[in-house]
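Peer 1: To start, I am sharing the structure in question, which I have written as structure tokens.
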Amino acid sequence: MKRLPATLLFLATLSAPAVLAQHQHFENFEWRERLTDHFALRAKSTNHDPARRYAEKVWDECVHVMPGLEEDFSKNKFRTPGGASGADTAPYRFTVYLIGSGLDYTTVLEQQQRRSGWDANQVQSCRITRNYGDPQNRYRVLCKADPEKSAGGETDLTPVFVHGTAATILEGRGLTGNLPFWMTAGWGYYVEHRIFRLCRVHYIDFKTYYANEKADFKRGATLEPNEDWPGPLKKMCKKDIRETLDAVCKAEILTLTPNQSGYIFALTYFLVGNDENIAKYRKLVERARQGETITKTVLLDTYGYEDDAALEADWYEFMESRHFK
């Protein structure tokens with residue numbers, strides 16, 4: 001019987017745990033895997049982009065505000081909301097699945113539906129958006145192909161990847177799958193802005209929206225997906241075209257307006273706009289880790305505000321300042 005040379009055997013033993021440590025989340029799939037410092041990128045019928053180019057940039061933005069992520073990943077301290085680990089051995093890596101076939105994506109969704117108990121509406125939503133985050137915060141799935149068509153080219157999901165991965169990592173740090181929409185969307189928008197100076201996810205047809213003139217509607221600016229958002233938002237804020245804290249905290253994706261999108265982004269920008277506020281944001285995430293539901297009341301208490309008006313005064317002042325850019 002032929003034996004491997006000792007050197008090759010040693011290398012195989014040394015390298016195997018780094019690959020096998022990351023859990024497999026879907027049955028009967030073979031993936032081309034590429035490891036980065038903090039991510040396991042798994043691709044089928046496509047390449048590893050956009051994760052190859054942007055995954056570690058997302059990490060850099062997340063760990064700057066949430067330094068505890070370093071221990072979660074390097075020492076395999078990450079836990080799902082139910083308390084399970086994300087890897088068999090250290091280090092833990094967040095997994096990104098990149099799929100180039102609508103048929104394969106359908107199979108993945110079927111497995112996810114059985115495992116998570118999703119209803120037909122949840123599955124259809126994932127088919128339309130071509131991406132979703134693991135309810136246990138361990139991975140993100142992106143389908144570059146159109147699940148509704150048998151053939152066709154790939155779609156650039158770069159902004160979707162950045163936004164969704166940042167939001168899922170935030171929930172993972174919070175040990176929850178139930179952070180409020182304003183918090184996950186706001187963090188996703190903020191990281192998008194930090195990397196691209198653009199916010200393009202959850203983009204609504206703003207031109208159509210603003211063309212729907214109303215007698216009492218004062219239009220100060222429009223939010224476009226191909227431009228930096230702070231400028232238009234600054235103009236609207238100065239003209240008193242504002243969203244209240246209460247409206248932002250109650251925002252939902254199905255009824256999201258362009259102004260709400262912008263102010264959700266602006267609220268997160270304000271909440272992490274300086275070192276003092278970053279420290280408070282970490283406390284907010286820590287309260288989620290301790291099992292608290294993050295409500296508007298918890299937000300006000302964490303940041304030391306007596307009521308909505310007090311926070312809004314500082315928030316709007318920040319938006320009109322040179323720091324919001």
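Peer 1: Can you tell me which residue within region 162-192, out of those that are hydrophobic (A, V, I, L, M, F, W, C) and part of a loop (DSSP other than H, G, I, E, B), is least open to solvent (accessible area, probe 1.4 Å)? Don't jump to the end; show me each part of the working.
Peer 2: Just the residues of region 162-192 that are hydrophobic (A, V, I, L, M, F, W, C), to begin with: 162, 166-167, 169-170, 175, 179, 181-183, 185, 187, 191.
Next, from what is left, pick out any that are part of a loop (DSSP other than H, G, I, E, B): 175, 179.
Values: Leu175: 54, Leu179: 21 Å².
Top of the filtered list is Leu179.
Peer 1: Here is a check on your reading of the model: is Thr107 in a helix (DSSP H, G or I), open to solvent by less than 60 Å² (accessible area, probe 1.4 Å) and at pLDDT 95 or above?
Peer 2: Working: in a helix (DSSP H, G or I): yes; open to solvent by less than 60 Å² (accessible area, probe 1.4 Å): yes; at pLDDT 95 or above: yes.
Against the criterion (in a helix (DSSP H, G or I), open to solvent by less than 60 Å² (accessible area, probe 1.4 Å) and at pLDDT 95 or above), Thr107 qualifies.
Peer 1: Ok, one more. So, of the residues in region 280-325 that are in contact with a Cys (Cβ under 9 Å, 6 or more places away or on another chain) and in a loop (DSSP other than H, G, I, E, B), which turns out to be surrounded by the fewest Cβ atoms within 10 Å (Cβ to Cβ)?
Peer 2: Among them, the one singled out is Thr295.
Peer 1: Quick test of your reading of the structure: Phe217 fulfils all but one of (1) closer than 21 Å to Asp246 by Cβ; (2) at pLDDT below 85; (3) of a type in the set (Phe, Trp, Tyr); (4) touching a Leu at 6+ places or on another chain (Cβ under 8 Å). Name the failing condition by number.
Peer 2: Evaluating Phe217 over (1) closer than 21 Å to Asp246 by Cβ; (2) at pLDDT below 85; (3) of a type in the set (Phe, Trp, Tyr); (4) touching a Leu at 6+ places or on another chain (Cβ under 8 Å) leaves (4) as the failure.
Peer 1: When region 25-74 is examined, which residues are found to be in contact with a strand residue (DSSP E or B) (Cβ under 8 Å, 6 or more places away or on another chain), among the polar types (S, T, N, Q) and closer than 26 Å to His193 by Cα?
Peer 2: Asn47 - this is the single residue of region 25-74 that is in contact with a strand residue (DSSP E or B) (Cβ under 8 Å, 6 or more places away or on another chain), among the polar types (S, T, N, Q) and closer than 26 Å to His193 by Cα.
Peer 1: Being without any contact (Cβ under 8 Å) to a residue 40 or more places away in the chain and acidic (Asp, Glu) is the filter here, so list the residues in region 276-313 that pass it.
Peer 2: Correct list: Glu276, Glu286, Glu292, Asp301, Glu306, Asp307.
Peer 1: Separate question: Could you pull out every one of the helices (runs of 4 or more DSSP H) wholly within region 228-278 that has 3 or more residues that are open to solvent by 20 Å² or more (accessible area, probe 1.4 Å)?
Peer 2: Details: elements: 230-238, 245-249, 258-271.
Result: 230-238, 245-249.
The values are calculated or read from the model by the stated rules, or taken from the named source; none is laboratory data. If you're wondering where the values come from, they're calculated on a predicted model, not measured in any experiment. Reconstructed Cβ throughout: ideal geometry from the backbone, glycine too, with neighbour counts over all protein chains shown. Just the protein is used for accessible areas: all its heavy atoms, side chains included, with ligands, DNA and RNA removed. Shrake-Rupley method; radii C 1.70, N 1.55, O 1.52, S 1.80 Å.
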